[in-house]
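Every read-out reported here was derived from the displayed coordinates using simple, explicitly stated rules and does not represent laboratory data. Keep in mind that this is a model prediction, so the values were computed, not measured. Here the Cβ is made from the backbone with ideal geometry for all residues, glycine too, and neighbour counts use every protein chain on show.
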């Protein structure tokens, strides 16, 4: 059975606000890639990475980064991905670190438009990542991807002799009243992804009436994924009262039975939005060479292979093998709801404002 503490967004309880890796390797190398060169005459060996709460990487993999480059990574957690971008904007004149990881495709344009990033594209960008990279003006590097979807507590539905919902429309039906908890798009990247999915599915004139129907059907809105899944979800750590929750298509892989044959939850694959997470160099970084070296390292086979087990996301490098049971328990949606990145960039702020007025006003 997968350890709940390794779930992609359930790591907040384990990740301290600032974490330093003390292991130190050779000091003669300043980068694992020639494209990350350019440090000063006396370059710092410390590199600070700003992340969301769900960041995780195996200690031995991080130790390999230090061994190969000589850099000592420190991690500064800033909450959800939306909060990360907000903090980068607020601290633009006094940057929080050198690199950032965890900005996703629903918040990327805000970071780019705010001018908080320096352009950087790794020389060894995998072919499978180039399309996603092309949407970020060369300022962000895609690292992983996953589908944000509604998840169901299958055991709860069996016990209550209810059929599982399948579509977005099902969630607004009377038989699912007071069963759904989601995170806010104003403060949560999964929340923003789900709002974007509803815009894509219902159109500019239909998404607000759809959210009104969810509101009337008793949807609960919380700040972030951690509260939704680990507090309110009936199959989460908190054994809450909501058997439907906004999470990821990979989430059922961590509720697998001890014998590895079944899982107690499922993802509703017709409700999904494809999320990509990026890393970038923070403008004004004290150690831009170290930031570039870290981004380069995140694309190595070793680091990419570590992503599924640590953050429950798919590596952006499609050539990296996945855990054996992911095909059965953690599939990507065959047809995720799509919204043009340019539309997200242009309308995100107005969507959040209108959503707030509609659902919480």
Tell me, what is the FRET efficiency for residue 259 and residue 162 to the nearest 0.05, using R0 = 30 angstrom and their Cβ-Cβ distance as r? 0.70
Taking Cα atoms, the helix 207-216 axis meets the longest principal axis of the chain at an angle in degrees (rounded to 10) of 60
Could you work out how far helix 189-202 tilts from the main Cα principal axis of the chain, as a 0 to 90 degree angle to the nearest 10? 50
Yeah, the stretch 143-294 with a ≥ b ≥ c from its alpha-carbon gyration tensor (a/c under 1.5 is rounded, else prolate when a/b outruns b/c, oblate otherwise) is oblate
Compute the Cα gyration tensor for the stretch 204-361, then decide on rounded, prolate or oblate, letting a ≥ b ≥ c be the square roots of its eigenvalues: rounded whenever a/c is under 1.5, prolate when a/b is larger than b/c in the other cases, and oblate in all that remain. oblate
Choose one answer from 144, 170, 306: the residue with the largest mean-square fluctuation in a GNM of the chain with alpha-carbon springs under 10 Å. 170
Once the Cα atoms of helix 341-355 and of the chain are each reduced to a long axis, what angle between those two axes, in degrees from 0 to 90 to the nearest 10, is obtained? 50
Per the stretch 316-361, sqrt(5λ) over the Cα gyration tensor eigenvalues, sorted largest first, in Å, gives 34, 15, 9
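Only helical DSSP H runs with n ≥ 4 go in: add -39500 (n - 2.57) per run for the chain, normalise by residue count and round the 222 nm mean residue ellipticity to 500 deg cm²/dmol. If you can, show how the numbers build up before the last one.
On the way: 11 runs with 103 residues, N = 361.
Helix contribution divided over all residues of the chain: -8000 deg cm²/dmol.
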How would you classify the chain from its alpha-carbon gyration tensor, with a ≥ b ≥ c the square roots of the eigenvalues: rounded for a/c under 1.5, else prolate if a/b is greater than b/c, otherwise oblate? prolate
Antiparallel %, DSSP beta bridges [both residues in the chain], to 5: 65
What number does the stretch 111-195 give for Rg over Rh if you use C-alpha atoms and the Kirkwood radius? 1.16
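Could you work out the relative contact order of the chain, using alpha carbon pairs under 8 angstrom and six or more residues apart, expressed as a whole percent?
26
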Reduced to Cα centres, the span from the stretch 111-161 to the stretch 231-287 in Å works out to 14
The stretch 182-269 -> Rg/Rh from Cα coords, Kirkwood Rh, value 1.01
